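The values are calculated or read from the model by the stated rules, or taken from the named source; none is laboratory data. The shown structure was predicted, so the numbers you read here are calculated from the model rather than taken from an experiment. A quick note on method: Cβ atoms are made from the backbone with ideal geometry, for glycine too, and the neighbour counts reach across all protein chains shown.
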Amino acid sequence: MTTELPAKYDPATLEPAVTARWLQNKAFAATTDRRDNRYVVMMPLPNVTGALHMGHAMDNVMQDLLIRWHRMQGDNTLWQAGTDHAGIATQAVVEKRLKEIENKTRHDVGRDGLVQRIQDWAATSQKRIVGQQQGMGCSCDWDRARFTMDAVCARAVRHTFFKMFADGLIFRGDRLVNWDCHLQTAVADDELYKATVQGKFHYLRYPVIGPQAGEPTHVVVATTRPETMLGDTAVAVHPDPATAMAEAIAAQQQKLQQATAKERAEAETELERLRARERDLLPALVQIAAMAKAGRKVRLPLVDREIPIIADTWADPTLGTGCVKITPAHDPNDYAVWQRHPHIGVRNVLAADGSINDNGGRYRGQDRFAARKAVMADLQALGLVEKVEDREIEIDHSDRSKTIVEPWLSKQWFVRMADVPGGVTMGKGTAREFRAAGLAQAALDASAGRLPAPRKQVAFHPDPERYRKMYDQWLAEKRDWCISRQLWWGHRIPVWRGSMPTQKLLMLQPMLGSQLQRDDVCAWILLPDGSRLRPADAFATLAAPNAPAEIEVQICFRDETADQNVGPILQGAGLQLDPDVLDTWFSSALWPHSTLGWPDPATARVNDAQPVLGAHAAGPDALSFWYPGSCLVTGRDIITLWVARMVITGLYNLGDVPFTDVFLHATILDGRGERMSKSKGNGIDPLDIIARYGADALRYVVCELQTGTQDIRLPVQAISPFTNAGEPEKLIDLATAKPGPYLGTFLDPETKQPMDLVGQYGKEGITPAKATSERFTVGANFCNKVFNAARFAFLNLEGSAFVPLRPADLRLEDRWILSRLQAAIASVHGSLQAYNPSAAIGTARDFFWNELCDWYLEMIKPRFRAEAAAASTAAARQVLAAVLDQTLRLLHPFVPFLTETLWSKLRELAPVRGLASAFADSEMIVHANWPQADAAWSDRDAERQVATMQAWCVAIREARARYQVAPKDRVPCRIAAEGATAATLQAASELLAHMAGLAAVEIGPNAQRTPDSATVVVGDAKAFLLGVVDLTKERQKLQQQAEKLQAQIGGIEQKLGNPGFVAKAPPAVVAQQQQNLEQLRQQLAGIRQSLQELGG
RNA sequence: ACGCCCGUAGCUCAGUUGGUUAGAGCGCCUCCCUUACAAGGAGGAUGUCGGGGGUUCGAAUCCCUCCGGGCGUACCA
């Protein structure tokens, strides 16, 4: 079969053909074997919520780059693909559509109905995502793709939960959580964003009960959420307001003294404010503090409850009214106050949907915002509102529903991250078992390299210190991880629980006793005082005379089947399966080992078409072979959410880290520096870029963008939908375009019509438009150049043969390009090792374009002419084939489609390629060996000679351009040179003549100019281009050059004249300067001489 | 408020431990459809390296400070 290359580079036809070939041949398949060197990348699993965007493109391309690079190096590579069920995000999207399209809520369709709909949605998304990834050239082993809700992953989730539950690391407790009233679920801190809203500051007066003479009749508190007063259980005042105030004033005075002129005014105002408070407010606060000590109370209006005045330092006399209402169930700080003063109690006044609950008296059933108004109106009527101020307030919003979240006291499941008395056994039952102080501490030890050997450190790239700090800071808090979500989409929490009379439990003991001893069952008995007992201990305790009458039972089975088998019995006993599901990150945290079949690869229930995870004839099981893995590639926003948790669960389940390297790539921003997002309409679909520029172009540019730790600006343009047929396409820069009527719409500056970049405003009659970025043309141009350079090579490679070559057999340009090739290979490899894709592709590009195309291909053209000597042609062919071979390999991880296509053609025309010996061949370049820099082909002499020739060539071309010599005209040239320069030019004279468009070249110490010659000066020699000159212009040019040189010489003379420099700078630097000075002086002398000859 | 990062050509970014005249790509200007490539070739112009101060023989690079931007954490009664 011969490969037919089209005349023009066309990624749209070339790329799908390559994809098909790779997939048909299962080119990316990973199989365990006996190789020692492995390279494992676990894909940061995309959500099935929607499609991929440019951020994913960056992430996927970086992984593919590393994977292809390692695969070519001969590593047994596994790139684990898959998707994440993304509980809350996906359920939110599907619920929203349900409402929009069918006007139904989840309760209308029921739990099973909703899950079914989400599954359908997920299946569609998965198809789209895989299509996008394959379009980008991702070389994952697709047959091994997993989903966090599939049987293999679900079993790992279940086993991990069971293990943690049995170890006492998972517990259920009352905590203040961020409650999303719209989605009716708890959300994690990471799922929040701050938004500023217009709000009010309400000053409320709580009547003092039985005020004594001279005491204030009311305590005034301020709040932004007056409806929460229904749940107040105390009013707090600072225990010693006078001292606190005095300290604040002293601190402010100190600050004023150190203040710069600019800060002064502000500091003075603040001091003034504090002094005014001290004068006007403090006396009352002192009194109230005394009342607090005396155990006095206020009457909570509207609900008519007596609540105590308490003394707590949380109340700051310099802020607000100096007194604070305490609502433990609805404010984190107040919650903390309650922890310090348990006797005040707690009252939750919100229902799950954000309405006021039974505790809110007559406001019950009102939405919290309606209740806010009602409460204020009623207080107003009672004369209990001191004042109301307008104020901008920053409030936490749920990222999923975009609604305001409420701090809410509720029962949730947690994983204990803090240290545990006696420590935690990590990797229990494995060969890697060890003890850690706690889960978070184990992950901290991993980043610090403190894990017991042979476990490796988890290191961050490309800025180890900076990112480790982020990771460590978050883990150091060791905050308990809230893992329950009140959703229907996700892994259900596998715990049967319920409360029952102690007597009933004791009656069940004979029946349950032995069952509860099994090691695949774990039960806890919870006593009313919060303590938790193993069944064996509990039965003893509960049999005692003063045992509590009612207890709670929690039972977890390790295997899912038990839920079906034993469930009815438990239900009969009054236990229910917990309705909540697990936080999505719980299952993603297991990804690096759940996908490999943990806890038991041999029995992992993979799909029929998938490779087995257990051991097979050719190799060991997937888990022992590929765990621990190699590199995790992701964005820094996910370090805490995911990276840290993977390390924790990996250590906990397997006793070792999931990966040793974490490569954190840049975030992609738009032209304004804002994060790309679908809803803002500034996002780009990779498939749109692929359709327009090709996947290789996308990859090239993405690699080029990844320079280091900096985020990347990618200016986004809309393709104008208002272009008439036949007109050229118009692009509208979204960084400057004015926003349209809705979020994600923009106005076309020409027609002033709105365009919809989100694709959601069809009903509103807004024309949809696609987003693109012109930045990708660079990549397309590069690919086009590669394609054409290869085409040129192919035109001349017919009949190429291999013979062992030695440097001495080769001409200067051959030795030069081979030497440059070695340098390029070494440099690209080094840049990839340093996680610097931009530097890597930059070097590859410079070599390919600026050296191979611009010089070598041009230099060898004469050798392919009919009249050239056969030996010279053959050598050129062989070197060209070898260089192209190595260059394609070097470029393959960056632009895989193009290189794969060209590879086939190269193999046909030059079946054996090599230099001293033949290169190892491979049918597809995806499996070819990565090039290795061979020092034998480094040739400093050739590099120096060609560099000299190039310098002359450029100088001559510049002169030609200046004198407007037609490109085709071949100009006679005389060069006045001596010694080494003359020798070099003599050796390269043929090349120079060819490259600079010269006719006869004469080189000698006494070469003379003609009056009409242009003079070109390089270093210590001069060239005369005969018959091109205008004398006046020539004098001008030489004059300018002389001035420039004089300035440079002046600079160096000054430096050398500085005694400090000569005395203190390293001798080598001084010598270098002296040498430069000498050279520049020679040049200047040459120019002056020419000027003299011209009569200047 | 505290911590981390950044500010270099019109745009997007490089610039290793301080050391020749600060670079690249895109864009711009001039010339060229030269037998791989006009998605190309040859040549050219463009910077008080955010401002100020300091250390040093020498600063884009180190220190201080101010201004501007981003991220993280906290706080907001």
- Message: Please list, ordered by residue number, the strands (runs of 3 or more DSSP E) wholly in region A:272-354 having 1 or more residues that are more than 17 Å from A:R225 (Cβ to Cβ) and within 15 Å of RNA strand B (Cβ to nearest atom).
- Response: A:297-300, A:305-311
- Subset of region A:355-368, residues polar (S, T, N, Q), in contact (Cβ under 8 Å) with a residue 24 or more places away in the chain and not in a helix (DSSP H, G or I), comes to none
- Could you give every pair whose Cβ atoms fall below 8 Å, whose first residue belongs to region A:765-793 and is touching a residue at least 40 places away in the same chain (Cβ under 8 Å) and within 8 Å of RNA strand B (Cβ to nearest atom), and whose second residue is part of a helix (DSSP H, G or I) and among the acidic types (D, E), counting only separations of at least 6 or pairs across chains? A:V778/A:E704; A:C783/A:D696
- Query: Is one or more of the residues making up region A:971-980 away from RNA strand B (no atom under 16 Å from the Cβ), modelled with pLDDT of 85 or more and assigned to a helix (DSSP H, G or I)?
  - Reply: yes
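Take the residues in region A:696-745 that are outside any loop (DSSP other than H, G, I, E, B) and of a type in the set (S, T, N, Q), then tell me which one is nearest to A:T667 (Cα to Cα).
Once the filter is applied, the top-ranked residue is A:Q717.
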- Item | Selection count, region A:622-648, where residues are crowded, with 20+ Cβ neighbours inside 10 Å and over 30 Å from A:G708 (Cα atoms) | 3
- Message: Which pairs turn up if I take residues in region A:987-1016 that are farther than 29 Å from A:Q1039 by Cβ and look for partners that are surrounded by fewer than 16 Cβ atoms within 10 Å (Cβ to Cβ) with beta carbon separation below 7 Å, at least 6 apart in sequence or on another chain?
- Response: A:H994/A:P862
- Residues located in region A:326-342, provided they are of a type outside the set (G, A, S), free of Cβ contacts under 8 Å to residues at least 24 places away in the same chain and surrounded by fewer than 23 Cβ atoms within 10 Å (Cβ to Cβ): A:N333, A:Q339, A:P342
- Message: Going by what's in this entry, would A:T196 be described as in contact with a strand residue (DSSP E or B) (Cβ under 6 Å, 6 or more places away or on another chain) and under 28 Å from A:S355 (Cβ atoms)?
- Response: yes
- Message: What pairs come out if I take residues in region A:1046-1068 that are under 15 Å from A:E1078 (Cα atoms) and among the polar types (S, T, N, Q) and pair them with residues that are within 9 Å of RNA strand B (Cβ to nearest atom) and assigned to a helix (DSSP H, G or I) whose C-beta lies under 6 Å away, six or more apart or interchain?
- Response: A:Q1048/A:L1080
- Count of residues meeting criterion [touching a Gly at 6+ places or on another chain (Cβ under 9 Å) and not small (G, A, S)] in region A:365-374: 4
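The rows are residues; the columns are (1) modelled with pLDDT under 85; (2) buried (at least 17 other Cβ atoms within 10 Å of the Cβ); (3) within 10 Å of RNA strand B (Cβ to nearest atom).
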{"site": "A:G173", "(1), (2), (3)": "no, no, no"}
{"site": "A:L183", "(1), (2), (3)": "yes, yes, no"}
{"site": "A:Y203", "(1), (2), (3)": "no, yes, yes"}
{"site": "A:G210", "(1), (2), (3)": "no, no, no"}
{"site": "A:V220", "(1), (2), (3)": "no, yes, yes"}
{"site": "A:R225", "(1), (2), (3)": "no, yes, yes"}
- Query: Somewhere in region A:712-721, is a residue more than 20 Å from A:R672 (Cβ to Cβ), at pLDDT 85 or above and more than 16 Å from RNA strand B (Cβ to nearest atom)?
  - Reply: yes
- Which ranges mark the helices (runs of 4 or more DSSP H) fully within region A:794-897 that have 3 or more residues being away from RNA strand B (no atom under 14 Å from the Cβ) and without any contact (Cβ under 8 Å) to a residue 24 or more places away in the chain? A:870-891
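Looking at A:G683, A:G629, which is the one that is part of a loop (DSSP other than H, G, I, E, B) and within 16 Å of the chain's Cα centre (by Cα)? Step through it out loud before you land on a result.
Numbers: A:G629 fails: within 16 Å of the chain's Cα centre (by Cα).
Within the list A:G683, A:G629, the selection yields A:G683.
Within region A:954-970, which residues are assigned to a helix (DSSP H, G or I) and either modelled with pLDDT of 85 or more or among the small types (G, A, S) (or both)?
A:V954, A:A955, A:I956, A:R957, A:E958, A:A959, A:R960, A:A961
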- Message: Looking at region A:650-680 only, could you name the residues that are assigned to a loop (DSSP other than H, G, I, E, B), charged (D, E, K, R) and either under 20 Å from the mean Cα position of the chain (by Cα) or modelled with pLDDT under 85 (or both)?
- Response: A:R672, A:E674, A:K678, A:K680
- helices (runs of 4 or more DSSP H) wholly inside region A:499-588 containing at least 3 residues that are in contact (Cβ under 8 Å) with a residue 40 or more places away in the chain: A:502-512, A:561-572, A:584-588
